[in-house]
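The values are calculated or read from the model by the stated rules, or taken from the named source; none is laboratory data. Predicted model only: the values in this text are computed from it and were never measured. FYI the Cβ positions are ideal-geometry reconstructions off the backbone, even for glycines, and counts take in every protein chain you see.
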Amino acid sequence: MLKVEELSKNYGDFVAVDRISFSAGKGVVFGLLGPNGAGKSTAINCISGLLQPTSGRAFVAGHDTVAESKAARQKLGVVPQELALYEDLSAVENLRYWGKAYGLRGDALDARVAEVLEHIGLADRAKDLPKEFSGGMKRRLNFGCGVVHKPPVILLDEPTVGVDPQSRARLFDLVEAERDAGACILYTTHYMEEAERLCDSLAIIDHGKIIAQGTVDELRAKLGARDVLQLSGSFPPDATRHAMEALSNNGNHDLEFVSQEQQSITLTLSNASQHLPAIFEAVSVAGGNVSETSLRSPNLETLFLLLTGKELRE
C-alpha cells in the first residue's frame, strides 16, 4: 500500500532526507522513529505531495505520488503535526468540510461524520468550536478529519505532541482501530514508547538517513543482551579510552566504548552490573572519577544511543 524508493529532499546544499526506502502493507503500522529535525516530517510531506522530492519515488496504493498525484492523494489520509482545523467551524462542520473535500455527499457523508464523532469521543461536543476544546480533544478532531473519508493509507506525523497521558492513550486506541480495520499507517514519532507499542516494523532515522530498519524484535536483537552503561564524572579522554579497551581485552570481550563527552562516557556490555567494580577501578587508574551511574536494559532507546552516540530526545 505504501512504497518509498530512494527518496531524497534537498534544500540547496542541505540534505533533509537522504535516499530512504521502505514499504508497508494493509493492516500495518510502520514507524519512522527519530529526534526532532531528523527528516521525518519532510518525508511525510514528500509522500503526501506537499513537497516535490529531489530524487526517488513514493507510491500510495500503486500510484506514483508525483506522476499520479491526484490518484495518490485520493487514497491518503493525512494527520499533520500542526493542527489542521478551522477554529470558526464546529467539530461536525470541520469533519463535513474534509468529507466533502474527498467526495462524500448526502446520507453517506452524514453517516460517516456521525461515526467518526463517536469514534473520536466527541459526539457530545459536535456543535462546539475547536477553540473551546482541550489540546487532547483538538488532536482527536485533527485525527478524525484525516480519516473521515476512510483512506486506505494514513500518514500520522507526531500525532500526540503536546497532549496529556489520557489523551495520548485515546489516540493510541484510534490508531490501533484504524490498523485493525485494514489501513496502512505511517507513524512518525520521537517517543520510543509509542514506537514500541504501536509499530509492527519501523525505521530509525537520523540526519535524513535510515540507520536501522526492521521489526521491533529484530531491532532489539541488534543489541543482543548488552546493557547500556552511562557514567558521569571526569574522564581524561585518551587514558579512559585506553583503559576501557584494556578492560575489554582482559575478559570483557563484548564491552564496547560507544561515546565520550567532557563529563560522561557511554559503554555497552553484558551483565554490566557485575562489572561495575572493575570499570570504576579502570576509570580511577586512568585518572578519572565517577560521580553518577545510569544502567539501562536493552530497548529501542538504547539501540538509538548505540547507533548514534546520543540520546533520542537531544
(message) For region 229-251: of the residues being in a loop (DSSP other than H, G, I, E, B) and under 21 Å from Glu292 (Cβ atoms), which is farthest from the chain's Cα centre (by Cα)?
(response) Pro236
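Taking Leu141 as the residue in question, decide whether it is among the hydrophobic types (A, V, I, L, M, F, W, C), modelled with pLDDT of 95 or more and outside any strand (DSSP E or B).
Yes.
In this structure, does Ser234 turn out to be surrounded by fewer than 18 Cβ atoms within 10 Å (Cβ to Cβ), within 30 Å of Leu202 (Cβ to Cβ) and among the small types (Gly, Ala, Ser)? Can you show your working first?
Working: surrounded by fewer than 18 Cβ atoms within 10 Å (Cβ to Cβ): yes; within 30 Å of Leu202 (Cβ to Cβ): no; among the small types (Gly, Ala, Ser): yes.
No, not satisfied.
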(message) Is it the case, given these coordinates, that Asp124 is acidic (Asp, Glu), in a helix (DSSP H, G or I) and more than 30 Å from the chain's Cα centre (by Cα)?
(response) yes
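Scan region 40-83 residue by residue and report those that are part of a helix (DSSP H, G or I) and either surrounded by fewer than 22 Cβ atoms within 10 Å (Cβ to Cβ) or of a type outside the set (A, V, I, L, M, F, W, C) (or both).
Quick first cut of region 40-83, residues part of a helix (DSSP H, G or I) only: 40-48, 69-74.
Passing the criteria: Lys40, Ser41, Thr42, Asn45, Ser48, Ser69, Lys70, Ala71, Arg73, Gln74.
Taking the criterion of being surrounded by fewer than 20 Cβ atoms within 10 Å (Cβ to Cβ), touching a residue at least 24 places away in the same chain (Cβ under 8 Å) and closer than 29 Å to Ala38 by Cα, would at least one residue in region 140-160 satisfy it? I'd like the intermediate steps shown before the answer.
So in region 140-160, the residues surrounded by fewer than 20 Cβ atoms within 10 Å (Cβ to Cβ) come out as 150, 152.
Then keep just the ones that are touching a residue at least 24 places away in the same chain (Cβ under 8 Å); that gives 150, 152.
Next, only the ones that are closer than 29 Å to Ala38 by Cα stay: 152.
Looking through region 140-160, at least one residue is surrounded by fewer than 20 Cβ atoms within 10 Å (Cβ to Cβ), touching a residue at least 24 places away in the same chain (Cβ under 8 Å) and closer than 29 Å to Ala38 by Cα.
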(request) Return the residue satisfying two criteria in turn: it lies in region 155-195 and is among the hydrophobic types (A, V, I, L, M, F, W, C) and in a loop (DSSP other than H, G, I, E, B), and of such residues it is nearest to the chain's Cα centre (by Cα). (result) Val161
(request) Check off (1) in contact with a Gly (Cβ under 9 Å, 6 or more places away or on another chain); (2) more than 17 Å from Gln213 (Cβ to Cβ) for Phe59 and give me the number that stays unchecked. (result) (1)
(request) Identify all residues within region 63-93 that are free of Cβ contacts under 8 Å to residues at least 40 places away in the same chain and basic (Lys, Arg); write none if there are none. (result) Lys70, Arg73
(message) Whether any residue in region 252-264 is at pLDDT below 90 and within 30 Å of Glu5 (Cβ to Cβ) is what I want to check.
(response) no
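Taking the residues in region 1-39 that are assigned to a strand (DSSP E or B) and free of Cβ contacts under 8 Å to residues at least 40 places away in the same chain as candidates, determine which candidate is nearest to Pro151 (Cα to Cα). Please lay out each step first, then the result.
Of region 1-39, the ones assigned to a strand (DSSP E or B) are 2-11, 14-24, 28-33.
From the residues that got through so far, the ones that are free of Cβ contacts under 8 Å to residues at least 40 places away in the same chain too are 11, 14, 23.
Numbers: Tyr11: 31, Phe14: 33, Ser23: 17 Å.
Among residues in region 1-39 that are assigned to a strand (DSSP E or B) and free of Cβ contacts under 8 Å to residues at least 40 places away in the same chain, the one nearest to Pro151 (Cα to Cα) is Ser23.
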(message) Any residue in region 98-109 that is surrounded by fewer than 18 Cβ atoms within 10 Å (Cβ to Cβ) sitting within a Cβ distance under 9 Å of a residue that is outside any helix (DSSP H, G or I) and not basic (Lys, Arg)? List the pairs, counting only those 6 or more apart or interchain.
(response) Ala101/His149; Tyr102/Gly77; Tyr102/Val148; Tyr102/His149; Tyr102/Pro151; Gly103/His149
